[in-house]
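Asks: So that we are looking at the same thing, I have put the structure below in structure tokens.
The values are calculated or read from the model by the stated rules, or taken from the named source; none is laboratory data. Since this is a predicted model, take the numbers as computed values, not measurements. Glycine gets a Cβ as well: all are built from the backbone with ideal geometry, and neighbour counts include every protein chain shown. Just so you know, the surface numbers come from the protein's heavy atoms only, side chains and all, with ligands and any DNA or RNA stripped out. Shrake-Rupley method; radii C 1.70, N 1.55, O 1.52, S 1.80 Å.
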Amino acid sequence: KYGSSFKRSAGYYNVYQDSLVGVIDSTGAVVIPIAYEGILHLEQHFLVYKNDSWALLKPNNLDLDTPFFSSFQISAPYLYFYELGGFAEVYNFLAGKTLNLPKDTLATFDNKRAYVRIKQQGKWGLWDLNKEEMMIPCRYTRIVTYHNSQDWRYMTEGTVVVNQNGKYGLVDLSGKTLLPCKYDQIYPPHESPQGYYKVEIEGQGKEIPK
């Protein structure tokens with residue numbers, strides 16, 4: 001019936017026909033149709049590849065409206081999907097659902113800690129995927145991505161640099177303001193004296209007690 005078949009995960013087998021692949025179970029029943037160029041097995045989920053795009057399917061999921069995305073990244077228990085324009089969607093494997101995030105625009109921040117940037121009405125905030133709640137309200141021009149080589153690095157102390165109209169400030173992970181957005185630069189902890197924030201304003205360096 002099929003060109004060939006190979007076991008890929010517990011109880012499931014890849015089957016091939018006319019250069020396409022699908023999945024059958026141990027009884028021979030088709031659980032993913034033979035319609036894809038590639039399939040990755042993720043326990044009870046399958047990432048299918050077709051026309052340079054990826055989608056997530058479950059056994060017996062024949063939903064033709066399943067969205068496809070240009071790429072993905074797995075940071076358990078989350079699956080991050082990306083489109084050509086950027087970060088698009090988050091799926092929680094443990095909950096078995098796509099997360100409904102309150103956003104106009106979505107952007108990555110820290111996949112390891114499961115924090116994502118959310119934009120509402122033109123302002124950015126920070127969302128905790130694990131707690132499913134807002135950490136930092138959407139009130140800033142920018143949430144500084146500490147992994148960006150053009151920015152400074154702060155997360156070692158559980159703080160986040162924010163920007164409002166071109167000026168930098170500092171908040172903690174609950175959104176509490178530690179430094180208002182009025183500085184031209186905030187130096188990272190390892191460049192600041194112990195017990196102080198080192199900042200720059202109007203070309204002058206200052207040290208502000210924590």
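Asks: In terms of solvent-accessible area of protein heavy atoms at a 1.4 angstrom probe, what is the ranking of His190, His45, highest value first? Could the numbers behind the result be given before it?
Replies: On the way: His190 150, His45 20 Å².
Final ranking, largest accessible area leading: His190, His45.
Asks: Excluding same-chain pairs closer than 8 in sequence, count the lysine pairs in region 67-188 whose Cα atoms lie under 19 Å apart.
Replies: Total qualifying Lys-Lys pairs in region 67-188 comes to 14.
Asks: Still on this structure, please answer the following. Considering only protein heavy atoms, what per residue accessible area in square angstrom results for the chain with a 1.4 angstrom probe?
Replies: Values: 11560 Å² over 210 residues.
Value for the chain: 55 Å² per residue.
Asks: Further question on the same structure: Take the solvent-accessible surface of the protein heavy atoms, probe 1.4 Å, and return the percent of it on the chain that carbon and sulfur atoms account for. Before the final figure, lay out each step's value.
Replies: Details: 5320 of 11560 Å².
Reported share for carbon and sulfur atoms: 46 percent.
Asks: With every protein chain present, what accessible area does Ser174 have (1.4 Å probe, heavy atoms only), rounded to the nearest 10 Å²?
Replies: 80
Asks: On full extension of the chain, what length is gained from Thr98 through Asp172, given 0.36 nm per residue of separation minus the C-alpha to C-alpha distance?
Replies: Numbers: separation 74, 0.36 × 74 = 26.64 nm, distance 2.78 nm.
The Thr98-Asp172 span can extend by a further 23.9 nm.
Asks: Show me the trypsin sites (Lys or Arg not before Pro) within region 52-137 that DSSP assigns to loop and that have at most 11 other Cβ atoms within 10 Å of their Cβ. The partial results should precede the final answer.
Replies: On the way: sites: Lys97, Lys103, Lys112, Arg113, Arg117, Lys119, Lys123, Lys131; in loops: Lys103, Lys112, Arg113, Lys131.
Here the sparse-neighbourhood loop sites are Lys112, Lys131.
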